[in-house]
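The structure under discussion appears below in the form of structure tokens.
The values are calculated or read from the model by the stated rules, or taken from the named source; none is laboratory data. This structure is a prediction, so every number in the text was calculated from the model and none was measured. FYI the Cβ positions are ideal-geometry reconstructions off the backbone, even for glycines, and counts take in every protein chain you see. Quick note on the areas: whole protein, heavy atoms, side chains included, nothing else; ligands and nucleic acids left out. Shrake-Rupley method; radii C 1.70, N 1.55, O 1.52, S 1.80 Å.
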Amino acid sequence: MGDNAKLFGAGVCCCCCGVIPLIIFCVFMSAYLNLQPNEQLVFRSGSSYTAKNGPWAGQVNPFKSRTRRQALKLDATQYAKLRDRVTYEYRVVLGPYFGFMEAQEELYKTKNKIVLERDQYVRIINQYTGLERIERGPSVLYENATDNFDRMRIVTQTAVYLNQETAAMVADMNTAVLSLVRPCDVTDTLYVPDPLIRVLEERKLTYVKPYEVLVVRDQNGGTLYYDGSLSNESQYDYQCPNEAEESAGGGGLAFWLPPYSRIVRMVWSNYSTRLEEATSISATTTSTSTRRRRTSRNPVINSQNWAQKPRMWFVAGDYNKETDIWVNRGTGANLSNVVTQGSVTISDSVGSGASANMVSIVGSTSTIMNFGSLVTSSYFTVCAMTRYAGSARRQILRAGDGLWHGHNNATTGIARYAYTNLTEMLYDVIEPITEWVPMCVKTGLPPNNVMILDEAVGTDFINYYTPPSWGINTNSLYKSDFAIAEIITWNTELSDLEVEEVMLYFKARMMDAKTYYDQAHSLSETASTKMITAVDTRMQRSYYNFEVRSQDNVKLTIEGTVYWQIVNVPTTISGTSDPEGDVWYRTRSTLISAIGSVTVSQFMANFNEIVRAAFETQQGSAFFTSRGIELIDIDILDYYPMDERTIASLNTIIQTKTERMVALAQQETENELRAIEIAANVAMEDNKTILIEAEALNQKLQAETRGATEGGRKATTVNSFLDGIEDMIPDLDTRVQLYREHLVRQALLNQTKNLFSNTSKVYMKPAGQNLTLLLPTDIHYDTGYLDERRMSGSLPLPGPDDLGGSEEACSASSTPNMGSVSSGETTIIIDAMPSSASGGGSVGVEAGGRTGHADEL
């Protein structure tokens, strides 16, 4: 045993002597370090620090505390905040940077710089002190040694460009007072607000045409009238002075709508288009829900066409308080039994600090509303517009205990789904907290899974699940005084562009609610309507089409036009909510009364005079003057009966009148044609007279020419004869007598020749009958008229001297027609009974133009 123990002890001793040096060697070898160029070795001894920067290689004290760390590397978009571990002071290092920290410094944090462009600014709010400061661009923003952005809310916003058309509506967070910042109120057109001033909206100029009047309700409930035809300087309170002068001089008006003021938007009956069918007198009814009708007529809502139609789309104005049914504009079913406890009101009152008079369902902490399953899929999108409406400010829209949307514990713009906070929970996205919160939440990744207007505020994502039943004030510990304007849901995850469409719609609704105040009205359900934002003071035209009865109980439909004009807008606004409807109904009652006092035949014969008389009774009447309206004229365009019997009778009358008119027209046409024919005949006879006179003149000229020629020839013959025998017979008278004998002899020779040439004509005449033989010289051959002087005996019948031996043709005429005498013929006329003087018949002979008895020849 002793030997074994000795051997064991010796072994242990040898082992220790070998191991301990080995351990010591390993320890010292581990203290030999090789540092890369980007490494640093920091030694700590008590409260002091030393550092060794790479590159370096060497032995260090193995028993001294040391830390190996990388060099600090920052790019141009980063900065680092370093903290001194001894003094706890901070130092900021800006990138780009590559280097080593001091031995006693440690890296506190590395963050990206905030780069601001010229039209941007950042609002920095200290969450612990509530102090706020503004940093404007262009600049690069980072923490200084005393800042801690982790404890601050940093909101980057875009500045407002103020120009001749744009002003900024701002709210002072200290006083909650709204004001308008115009271009002439600041020196820099790029407006950046001061701390605790919030820009609510960019407000554009409102333009009023020269013939328009804009009706505005101010913050005190009063009514202002902006008349484009006037240059009243009191209208330019919200214009820059130089712009007011230009507007007044150029016609029309432009101004910025004052804070707390809204343009009154009215709904009037629309009769400016001609109706196709008559409007029955008994068919008009009155709406009992003016609020609902007003909201349903909202142009922003009615003009919205979704790229993907929602499953649920509830608008506050579509809720029927009497039936407790909320009409769904989406593809799903309507909601019934909505209010399960308490009561609600439908209101458009601004109240509670909201700047938009959105029509909404308003309830209190005693109100409980149940909406059921708004979504039925684990992929969904939920959008809503809600706000606090009182002093109780916990949750509003919620589903179970793990989901609230928009509001929680007097904080706005927050969302928690499936017990997951999807947004920052410590600060308000919408200020003041009584403003509307238009918010959309969808399944998907942050930050675009939660949108409030243009701001993406998502910080976490939803573990996909299907929300339970939705409601308001369903948990007694989290009740609020609330107002809800819309709820819109989809059973799908919308794209970012589709969510942007929803945000644009919400913005349009809020702008519409801030700008316009919808006047309550009560209109005929059967009448079409139009929305009026500016009153037109020009002449208006309205068509009417309705039934009337005449005095003899004949039912007629009349159509026509009424011309009217608004001449006093304040009187119109205070006197009626529907000027065009009043004009139409007053015209109807007037014409019903006027036509009912006459028979249908009297109306048909004098309908223009009847309508004119009815118009004159209403022109300038108290009914229209009390409404600021001038009635200009009433025209009737058409009328027709309603029952078949009257139609048949009138058709017969019309047909008879038509036939009479056609006959009269035909007779007038024939008379016109006859007059034209007579005029043509008269003109033709006048032309004939002119022709005859011209022919007579020509004949006269021809005869004169012919006579002159023949006379010249005969004169030449006579001269030649007389000159030829002058030597033998010097006495001229003897020679002339001799020439006469020559002519007689020559004529007798021609007569004898004709008598025996079988060319003679013999006529028998009664004894004692006077017979006249006309020679060619007694007849005008061109006209066919006889020489009246020869016929009357004032001129003798032509003898041989007149004929001059001519062989021209002649015509013989007597009381009985005796034919004609041709050239070379001899005409013999014999008495049919012997005369008492000679006891025998006498014979008249014409030969070659001579007339005589046969015994004379």
*How many residues are open to solvent by less than 50 Å² (accessible area, probe 1.4 Å), aromatic (Phe, Trp, Tyr) and within 17 Å of Ala145 (Cβ to Cβ) when one looks only at the range 49-88?*
1
*Run Val562 past the list (1) within 19 Å of Thr617 (Cα to Cα); (2) among the aliphatic types (A, V, I, L, M); (3) assigned to a helix (DSSP H, G or I) and report the number of the one that doesn't hold.*
(3)
*State all residues of the range 23-69 that are among the aromatic types (Phe, Trp, Tyr) and either under 60 Å from the mean Cα position of the chain (by Cα) or at pLDDT 85 or above (or both); if no residue qualifies, say none.*
Phe43, Tyr49, Trp56
_Residues to consider are Val199, Val181, Val186; find the one that is of a type outside the set (Asp, Glu) and more than 21 Å from Ser139 (Cβ to Cβ)._
Val181
*Could you please tell me which pairs satisfy a Cβ distance under 9 Å, a separation of 6+ or placement on different chains, a first residue in the range 492-516 that is without any contact (Cβ under 8 Å) to a residue 24 or more places away in the chain and assigned to a helix (DSSP H, G or I), and a second residue that is buried (at least 17 other Cβ atoms within 10 Å of the Cβ) and small (Gly, Ala, Ser)?*
none
*asked:* With the requirement that a residue be in a loop (DSSP other than H, G, I, E, B), modelled with pLDDT of 90 or more and open to solvent by 30 Å² or more (accessible area, probe 1.4 Å), what does the range 431-460 give you?
replied: Leu445, Pro446, Pro447, Asn448, Thr459, Asp460
*Confirm whether Leu477 is part of a loop (DSSP other than H, G, I, E, B) and over 20 Å from Lys507 (Cα atoms).*
yes
*Within the range 609-620, is there a residue that is in a strand (DSSP E or B), modelled with pLDDT of 85 or more, open to solvent by 80 Å² or more (accessible area, probe 1.4 Å) and over 19 Å from Ser550 (Cβ atoms)?*
no
*Candidates Ser577, Ser593, Ser601, Ser589, filtered to the one that is open to solvent by less than 50 Å² (accessible area, probe 1.4 Å), of a type in the set (Ser, Thr, Tyr) and either within 15 Å of Met642 (Cα to Cα) or not in a strand (DSSP E or B) (or both)*: Ser577
*Evaluate the range 185-200: report whether one residue or more is open to solvent by 20 Å² or more (accessible area, probe 1.4 Å), out of contact with any helix residue (DSSP H, G or I) (no Cβ under 9 Å at 6 or more places or on another chain), in a strand (DSSP E or B) and in contact (Cβ under 8 Å) with a residue 40 or more places away in the chain.*
yes
*Looking at (1) over 17 Å from Thr459 (Cα atoms); (2) exposed (fewer than 15 other Cβ atoms within 10 Å of the Cβ), which is the one condition that is false for Ile325?*
(2)
*Which numbered condition trips up Asp147, out of (1) without any contact (Cβ under 8 Å) to a residue 60 or more places away in the chain; (2) of a type in the set (D, E, K, R); (3) closer than 30 Å to Ala356 by Cβ?*
(3)
_Just to be sure I understand, how many residues within the range 89-123 are open to solvent by 70 Å² or more (accessible area, probe 1.4 Å) and touching a residue at least 24 places away in the same chain (Cβ under 8 Å)?_
11
*Across the range 201-229, which residue is surrounded by the fewest Cβ atoms within 10 Å (Cβ to Cβ) among those that are hydrophobic (A, V, I, L, M, F, W, C) and not in a loop (DSSP other than H, G, I, E, B)?*
Leu224
_I need the full set of residues from the range 300-311 which are open to solvent by 10 Å² or more (accessible area, probe 1.4 Å), in a helix (DSSP H, G or I) and in contact (Cβ under 8 Å) with a residue 40 or more places away in the chain, in order please._
Val300
*Which of the residues spanning the range 411-430 are open to solvent by 40 Å² or more (accessible area, probe 1.4 Å) and either of a type in the set (A, V, I, L, M) or closer than 24 Å to Ile197 by Cβ (or both)?*
Glu424, Met425, Leu426, Tyr427
_Top-ranked residue in the range 124-139 [being touching a Phe, Trp or Tyr at 6+ places or on another chain (Cβ under 9 Å) and open to solvent by 70 Å² or more (accessible area, probe 1.4 Å); ranked as nearest to Leu426 (Cα to Cα)]_ = Gln127
